Structure formats: structure tokens, C-alpha cells
Amino acid sequence: MQTICRNSLIGLTLCWFCASCATAMSHGPIDLDVKEIDGKPAVCLPASDDTGSDPIRISRVGVSRETGVASPAVDYWDEVVPASAPAVYLKRGECLVYGQTVPGAIINTPAKPLDANNYYTAAIVPVGESGPVYGAIFCVLRQANGANRIAVPGKQHNPCASLGD
């Protein structure tokens, strides 16, 4: 039962974060791929999706974590590219590494250290008043040797399942 509630909460958190970053979502969130690059999570634009295979112009990128049912999400990293800044595009298959400075972006929240054994939501919001928001959920797992590992809940296997149980 805790797993169902936790997974529902994670889904609601992702939707809340994505909705707070965009004024309208005609397509709903589209999954980002998550990788680990130099020990940090990296969110990657899929090679193609419902909107095609063209690059996207970035408006906002961020990572947050829900800290409780009655608590608002905490931003761990948040950057906004103002309309007045030169356009920044993310090509299909390219990634943004956690904490990476997006050229021309205003850093609202510099990247904070990620806590082990927690879930996080990531989002990339393209420019435009409507359209998709790209999102992902990942967790940071503490390994036996003390190092952290980035993991992604999957349909067949969920390495993050033990968190919060």
C-alpha cells in the first residue's frame, strides 16, 4: 500500500512541477531518458517522440523533490532562459547534466547536493505557451561502498522500489 501511495505521490509531484513550469500542456509530459554522467544524473531528450524528431528550444530546466504530503516540492536545481536571451536548443539524444549551466539562463536555484535514497523529478520545458513538457523520475541510491548511484524506475524492474518502504 505504501508503494502505491508513494508512486502516486511521485506522479503527482512530476505533474505539479511540469504544470508549474508551463501555462498549458496540450500533449502532457513526455518522458526524458535519464543517464548517469560523471556520477550525476543527466536528462536526455529522446531521439523522437509525439512531437517529432526536431531539437527543442529550452525555456526552463529543473529538478525538484517532494518532501511530504503537506509540504511543497523543494527545488534542487532551476534555470530559466529568458526570452531576451539567445535561443538555446537541445538536439535529440543530447543530455543536460544536473547542475550544468545553460547558456544565457538565469539560475534561480543552483544545483544542491542530492540526498541518497530519495526520489527526484526532472523537467525540461520548451519555449511556447502550449506543448509538451519533458519529464522524468529518478532516485539516488546509496551503494554498499558508500558511493551514490542514479537509478530509474522501470516497467519491468524498479531499483528504487525499496525507498520509503
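Being modelled with pLDDT under 85 and among the β-branched types (Val, Ile, Thr): is that true of residue 102 here? For residue 102, the condition - modelled with pLDDT under 85 and among the β-branched types (Val, Ile, Thr) - is not met. The number of residues in segment 28-66 being in a loop (DSSP other than H, G, I, E, B) and out of contact with any helix residue (DSSP H, G or I) (no Cβ under 9 Å at 6 or more places or on another chain) comes to 12. Of the residues making up segment 63-77, at least one is within 14 Å of the chain's Cα centre (by Cα), aromatic (Phe, Trp, Tyr) and at pLDDT 95 or above. Restricting segment 26-46 to residues that are among the small types (Gly, Ala, Ser) and at pLDDT below 85, the residue that is least open to solvent (accessible area, probe 1.4 Å) is 28. Within segment 47-66, restricting attention to residues that are of a type in the set (Ser, Thr, Tyr) and free of Cβ contacts under 8 Å to residues at least 60 places away in the same chain, the residue that is least open to solvent (accessible area, probe 1.4 Å) is 64.
The values are calculated or read from the model by the stated rules, or taken from the named source; none is laboratory data. Remember, it's a predicted structure, so these values are computed and weren't measured experimentally. Here the Cβ is made from the backbone with ideal geometry for all residues, glycine too, and neighbour counts use every protein chain on show. When the accessible area is computed, the model is the full protein with side chains, heavy atoms only, and any ligands, DNA or RNA have been set aside. Shrake-Rupley method; radii C 1.70, N 1.55, O 1.52, S 1.80 Å.
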